[in-house]
Amino acid sequence: MRQVTLEIELGEAAKEERASTFEHIESYEVLEVLKMDFEQALFVDLIEVRTKEGVSIDDLPLIGNMEVLSVISSDGNRHTCLVRGREEGEAAENYSVFDLDLLYTTPSFQSADRVVISFIGLQKNLMAFVEMMRGGDVGKIVNMTFKRAAYQRRDVLSVLTDRQREVLLAAYRFGYYDLPKGITSERLSQRLALSKPTMLEHLRKAERRILEAVVAGYSE
């Protein structure tokens, strides 16, 4: 297994298509891919968003096609968020191409004029993906690296308390993170026999602990 990372300088058409997404933000970077459903073109990610001067993250319920589920931490114009999104139209059709034994991974970076994307897979499938990008109209590949994949998925749920794990898994199982939501926070708290504030506190603490486990070792 190998990993390819592409840096793409976007063409004018792609820039125009993304203009609304970057009207209030400078960029966002995926810290961890938590869920990728190719059949539904659905994803859940941990991302770091850099907002433009004078823009509050609280004013951005949506970042492009991503719904901000939770703002986990903020430092100046940098905000770590749990987001959920679903691709539509042509972008959704591309998911069927990506579902050929390719694993979307980090680094992944998006700005108004530049994209960095990474995939893990067999050499032949990665080369097919690269040729697809070269033949498309997204932009010009300005940097490309291949390396041996060192992907390891650890059980991040092990950092949670039993109660936090129970609440988080129930939220996932009953569709709290689905798009659209399969259950409201009120209904979820009833199923768990908890008050809504207590249930939300458990969820927030669980999200925070998972974030800390994911970004442990990162430096400025």
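Computed from the coordinates by the stated procedures, all read-outs in this text should not be read as laboratory data. Fair warning: this is a prediction, and the values are worked out from it, not measured in the lab. Neighbour counts run over all protein chains shown; Cβ positions are idealised from the backbone, glycine included.
Miscellaneous remarks
- Rg/Rg_globular for segment 156-215, with Rg_globular taken as 2.2 N^0.38 Å and Rg from C-alpha atoms: 1.07
- Rounded D (µm²/s) - segment 7-92, Kirkwood Rh over Cα pairs, Stokes-Einstein at 4 °C, 1.567 mPa s: 95
- The charge dipole of the chain, taken about the Cα centre with unit charges on the Cβ atoms of Lys, Arg (+1) and Asp, Glu (-1), comes to about 980 debye, rounded to the nearest 20.
- Options Ile8, Leu192, Leu179, ranked by Cα towards positive dipole end of the chain, top entry (Cβ charges): Leu192
- Pairwise label distance in nanometres, His24 with Leu103, each label 7 Å out on the Cα-Cβ vector: 3.5
- Relative contact order [Cα under 8 Å, 6+ residues apart], segment 2-148, whole percent: 38
- If R0 is 22 Å, the Cβ-Cβ spacing of Glu16 and Glu53 corresponds to a FRET efficiency of close to 0.45.
- In this simple spin-label approximation, Glu131 and Arg165 carry label points 7 Å from Cα along the Cα→Cβ vector, and these lie 4.6 nm apart.
- Sequence-separation-based contact order of segment 156-215, relative, with Cα cut under 8 Å and 6+ spacing, percent: 43
- Rel. contact order, % - alpha carbon contacts under 8 angstrom, at least six apart, segment 1-79: 25
- Residues whose amide H lies under 5 Å from that of Ile25, counting only those 5 or more places away or on a different chain, are Lys52; hydrogens are built 1.01 Å from N in the peptide plane.
- Shown here is the pair-distance distribution of the chain: with all Cα-Cα distances grouped in 10 Å bins from zero up to the longest one, the shares run 7, 29, 36, 21, 6, 0 percent.
- Amide H partners (placed H, <5 Å) of Ile72, local residues excluded: Thr80, Cys81, Leu82
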